[in-house]
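For reference, the structure is listed below as structure tokens.
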Amino acid sequence: MNDAHALGDDSPSARWERRTEVPLAVASLVFLTSYAIRVLVDGLPDGLLGLCLALTVAAWALFAVDYAVRWRLSGQRLRFVRTHWLATVVLVLPLLRPLRVVQVYEAVQRRHGKPRLALHARVIAYAGLSTVLLGFTGALAVYQQEHGAPDASILTFGDAVWWTCATLATVGYGDVVPVTPVGRLIAVGMMGIGMALLGAVTGTFASWLLQVFSSEDDERPPTG
């Protein structure tokens with residue numbers, strides 16, 4: 001969670017993030033929806049196609065303004081890019097922006113008191129939600145690049161979803177694979193994300209098991 005959401009932080013940067021987190025989450029969903037319509041719906045009228053494109057560009061412009069304001073308020077200059085590298089990546093790759101919905105949910109829960117779920121459950125739940133969002137955006141991106149390419153094996157959105165699931169799960173059946181340079185670049189990113197999420201969930205589950213077993217040992221009466 002960003003330090004700006006810490007309790008008692010009343011800096012200009014923290015106030016800006018609190019005021020913009022919900023509008024930017026809505027903009028993230030608008031971005032994803034308009035992009036998905038452009039990719040998945042064939043034969044859109046020019047008017048609707050232009051509207052979707054305008055919404056996509058407008059949402060990205062809001063992301064850029066938010067980044068610029070946070071950079072300015074931080075007073076860190078180039079150090080801001082290094083310390084907020086994820087925000088920089090998301091600005092360049094706005095399809096990752098829907099993950100902000102997960103961050104907003106966590107911030108709202110903390111603002112209303114202690115989160116309802118325990119730490120281990122929150123990590124697994126948020127990792128699962130992140131996987132769904134990333135899987136959907138990754139499937140959209142690879143489908144857009146691949147379905148019209150020569151010798152493509154990813155011909156439908158269903159193929160793209162199947163490929164994304166196999167890649168995120170680090171299975172990699174190889175029955176459908178990207179053939180374009182951009183599609184393969186997306187594949188590299190999806191592989192890295194899949195390993196990171198799998199490691200987070202596995203590590204959290206193992207930690208929870210150790211905590212349970214440790215609690216059972218502490219509660220067990222001593223043997224005479």
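The values are calculated or read from the model by the stated rules, or taken from the named source; none is laboratory data. Remember, it's a predicted structure, so these values are computed and weren't measured experimentally. Glycine also receives a Cβ, built like all others from the backbone with ideal geometry; neighbour counts cover every protein chain displayed. To get the accessible areas, we keep the full protein, side chains included, count just its heavy atoms, and leave off ligands, DNA and RNA. Shrake-Rupley method; radii C 1.70, N 1.55, O 1.52, S 1.80 Å.
Points to keep in mind about this one:
- Cβ-defined net charge surrounding D159, 11 Å radius [Lys, Arg +1; Asp, Glu -1]: -2
- Label point of S207 set 7 angstrom out along Cα-Cβ; within region 125-141, amide nitrogens under 18 Å from it belong to 125-131.
- Accessible area in the full protein assembly, largest first, 1.4 Å probe, for F31, F157: F157, F31
- Shown in residue order for region 159-173 are the 3J(HN,Hα) couplings computed by the Karplus curve 6.51 cos²θ - 1.76 cosθ + 1.60 at θ = phi - 60°: 4, 5, 5, 4, 4, 5, 4, 5, 6, 5, 7, 6, 8, x, 5 Hz (x for Gly and Pro).
- The slack in the chain from A196 to R79, taken as 0.36 nm per residue of separation less the alpha-carbon distance, amounts to 39.6 nm.
- Sorting R72, R79, R19 on solvent-accessible area from highest to lowest, probe radius 1.4 Å, gives R72, R19, R79.
- Distance between modelled label sites at S153 and V65, nm, 7 Å Cα→Cβ extension: 4.5
- Sorting R15, R70 on solvent-accessible area from highest to lowest, probe radius 1.4 Å, gives R15, R70.
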